1. Please enumerate the residues belonging to the range 38-78 that are free of Cβ contacts under 8 Å to residues at least 24 places away in the same chain, within 24 Å of residue 10 (Cβ to Cβ) and outside any helix (DSSP H, G or I).
2. Hey, does the range 15-27 have a residue that's in a loop (DSSP other than H, G, I, E, B), surrounded by 13 or more Cβ atoms within 10 Å (Cβ to Cβ) and without any contact (Cβ under 8 Å) to a residue 12 or more places away in the chain?
Amino acid sequence: MAFQREQLMLRYARDPGAAGCGIYLVFWFGRVFCKRSPKGRKPSDAASLPADLCACAKLTPEEKRRIKVLVIDVSQPE
C-alpha cells in the first residue's frame, strides 16, 4: 500500500480519544530493503525517512503537527 495522506490521517488519527493526533512508527532495516517512492527514489538513510514520508504523503502543516513519524533504525552497522 502506498504511503498516502489518507493512510496517515484515516488509520493513525481516527480514534476519538486521539483528537486527530497519531504516531506512525517505521522500522528502518537499511536502504537495500526500502521500496522506491512514487517519485522513483529511495531514502538515503533513517534520518531522512520522516521528511521523505511526510513529503510523499503531502501533509498540510496542520497535519504535520498532528502526525508524528518516528523511525527506529534497526539496520546493521556497516
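Any read-out appearing in this document is the output of simple, stated calculations on the displayed coordinates, not a laboratory observation. Note that this is a predicted model, so its numbers are computed, not measured. Note: ideal-geometry Cβ built from the backbone for every residue, glycine included; neighbour counts use all protein chains shown.
1. 39, 43, 60
2. Just the residues of the range 15-27 that are in a loop (DSSP other than H, G, I, E, B), to begin with: 15, 19-21.
Subset that is surrounded by 13 or more Cβ atoms within 10 Å (Cβ to Cβ): 20-21.
From what's left, without any contact (Cβ under 8 Å) to a residue 12 or more places away in the chain: none.
Among the residues of the range 15-27, not one is in a loop (DSSP other than H, G, I, E, B), surrounded by 13 or more Cβ atoms within 10 Å (Cβ to Cβ) and without any contact (Cβ under 8 Å) to a residue 12 or more places away in the chain, which makes the answer no.
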